[in-house]
Amino acid sequence: MKREETVDHHIKTCWHAIYRMYNQEAAKHDSTTSQAFVVLNIDPVNGTPATKIAPLMGLESRSLTRMLKSMEEMGVIYKQKDPTDGRSVRIFLTDLGKEKRQVSKQTVILFNEAVKQTIAPDKLEAFFEVIVKINQLIESNPYSK
């Protein structure tokens, strides 16, 4: 089987293209795609527990720690002890972080609108059904048999 015939090849190639496109847009705003995903996953009003951000992004906590430190130094986020749980830390967006969140959100919306204008609704619906099925297959761990 050629790699061009495998499902994972097409998913990976497409995701890398999307990631590069988002990175080019993020760079115009002194940011990265990863940072954009972080600000999109922080509740702009109530903040988000630091321990919840990595799973929302599909990352390990260790991978996120360095990025959060960098974003704090850039003035995009700030940390605050959770008033209901003193052991927990919540991440909040600064005004700059809220601006970056708005830019990131608009970029995602524009891309999705472009996709919707290019791909017929029935084909897009089929795509979502297939992606959901692939995720379910992965979660069922087909290699454990």
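Side notes on the structure shown:
- Test: residue in the range 33-44 that is more than 13 Å from residue 97 (Cβ to Cβ), surrounded by fewer than 16 Cβ atoms within 10 Å (Cβ to Cβ) and either touching a Gly at 6+ places or on another chain (Cβ under 7 Å) or not basic (Lys, Arg) (or both): no
- Residue match in the range 89-104 (condition: closer than 20 Å to residue 16 by Cα and either assigned to a helix (DSSP H, G or I) or out of contact with any helix residue (DSSP H, G or I) (no Cβ under 6 Å at 6 or more places or on another chain) (or both)): yes
- Candidate set: the range 1-14, residues that are of a type outside the set (A, V, I, L, M) and either closer than 19 Å to residue 76 by Cα or part of a loop (DSSP other than H, G, I, E, B) (or both); chosen: the one modelled with the highest pLDDT: 6
- If you go through the range 15-61 and keep only what is under 21 Å from residue 75 (Cβ atoms), over 10 Å from the mean Cα position of the chain (by Cα) and among the small types (Gly, Ala, Ser), you end up with 26, 27, 31, 47, 50.
- Just so you know, in the range 45-60 the residues that are outside any helix (DSSP H, G or I) and of a type in the set (Val, Ile, Thr) include one that is surrounded by the most Cβ atoms within 10 Å (Cβ to Cβ), and it is 48.
- The combined condition, being within 13 Å of residue 39 (Cβ to Cβ), acidic (Asp, Glu) and loosely packed, with under 11 Cβ neighbours inside 10 Å, is not fulfilled by residue 122.
- Checked against the criterion of being more than 23 Å from residue 14 (Cβ to Cβ), out of contact with any Leu (no Cβ under 9 Å at 6 or more places or on another chain) and part of a helix (DSSP H, G or I), the candidates 70, 63 yield just one match: 70.
- Search result, residues across the range 73-88 that are surrounded by fewer than 10 Cβ atoms within 10 Å (Cβ to Cβ) and either of a type in the set (D, E, K, R) or within 25 Å of residue 36 (Cβ to Cβ) (or both): 73, 87
The values are calculated or read from the model by the stated rules, or taken from the named source; none is laboratory data. As the structure is a computational prediction, the values presented were derived from the model and not from experiment. Cβ: placed from backbone, ideal geometry, glycine included. Neighbour counts: every protein chain shown.
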